1. May I ask you to list the residues in the range 202-223 that are aliphatic (A, V, I, L, M), under 22 Å from the mean Cα position of the chain (by Cα) and under 11 Å from residue 139 (Cβ atoms)?
2. Given the residues 101, 49, 90, 67, which is the only one that is of a type in the set (D, E, K, R) and farther than 30 Å from residue 163 by Cβ?
3. Of the conditions (1) in contact with a Lys or Arg (Cβ under 9 Å, 6 or more places away or on another chain); (2) in contact (Cβ under 8 Å) with a residue 40 or more places away in the chain; (3) surrounded by fewer than 18 Cβ atoms within 10 Å (Cβ to Cβ), residue 18 satisfies every one except a single condition; which number is it?
4. From the residues in the range 43-69 that are farther than 19 Å from residue 12 by Cβ, β-branched (Val, Ile, Thr) and modelled with pLDDT of 95 or more, which one is most open to solvent (accessible area, probe 1.4 Å)?
5. Please state which one of 75, 106 is open to solvent by 20 Å² or more (accessible area, probe 1.4 Å), modelled with pLDDT of 95 or more and under 16 Å from the mean Cα position of the chain (by Cα).
6. So, of the residues in the range 134-152 that are in a strand (DSSP E or B) and acidic (Asp, Glu), which turns out to be farthest from residue 163 (Cα to Cα)?
7. Out of 250, 164, 148, which single residue is on the phi > 0 side of the Ramachandran plot, surrounded by fewer than 22 Cβ atoms within 10 Å (Cβ to Cβ) and modelled with pLDDT of 95 or more?
8. Out of 133, 116, which single residue is modelled with pLDDT under 95 and at positive phi?
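The values are calculated or read from the model by the stated rules, or taken from the named source; none is laboratory data. Note that the structure is a prediction, hence the values are computed from the model and not measured. Neighbour counts are summed over all protein chains in view; Cβ atoms, including those assigned to glycine, are modelled from backbone coordinates with ideal geometry. For the accessible areas, the whole protein counts, side chains as well, though only heavy atoms, and no ligand, DNA or RNA atoms are used. Shrake-Rupley method; radii C 1.70, N 1.55, O 1.52, S 1.80 Å.
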Amino acid sequence: MKIAGILSYVGSAYMGFQRQKNHPSIQSKLEEVLSIVVGKEVTIKAAGRTDAGVNAKGQVFAFEIDRKPNLKSFKHALNRLLPKDIAVKRLIEVPEGFDPRHSSIKKEYSYHFYYGEKDPFKKETYGYFAMPGFKVEPFFEALQVFLGEHDFFCFTSKKDDKDGFIRNIEKIDCKVNEEKKEGCITLISNGFMTYQIRYMVGSAYMVSYGKNTIEDIKASLLDRNKKATSYKAPAEGLTLERVYYDERFGL
């Protein structure tokens, strides 16, 4: 039978989600604990591979198991053995055809940032915009350029893409508390590529400081001009909030 789970983690101590030789990863830690609880080696599939330092509240994973366990007790056993920065939030039985990545419809990410005095208590879950003089309005305006369907070739480190680097961003919402000098961007799309959100946020950040322009961003989207994509926002501000599926999967 196949079990799917929703996973939450703070990524600062890991070199990303994907299993890597000689480096700590979320996948390897989860598979290690699953194998202990099940009593034999377990391999998982996930909805996506978050980068080093990136967090998640709603990462989805799935694995095969010989017999159905008591899912409440199973989840408790996993969380008892997992480190404090990783937690299983939910387990559910899913159809054999379910694939965490290929069955997904869209994904939602958030990007938390602050731009005031340096705060060590925010270092794991906020991106720090360190340069003084951050301007909210041009930052908002620059982010809106990314709405809709575009060629994001200049906003990823990928060399090839089966969808031709085309993604459709249906929502970009940004809220800023100017008194606290912090904000949060919410983004929903049918998919995001490696570093895509961090390059997008970084490009808007540069517009805020007058280091490039909205026209530069438009040129990067239309003409594959990489001029506006030289800055990548810090990884720790990025969180995978939710993966969306058809309602028949129950996730």
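1. 204, 206, listed by residue number.
2. That would be 67, the only listed residue that is of a type in the set (D, E, K, R) and farther than 30 Å from residue 163 by Cβ.
3. (2)
4. Taking the candidates together, the pick is 43.
5. It is 106.
6. Ranking the candidates gives 149 first.
7. 148
8. Just one listed residue meets the conditions, 133.
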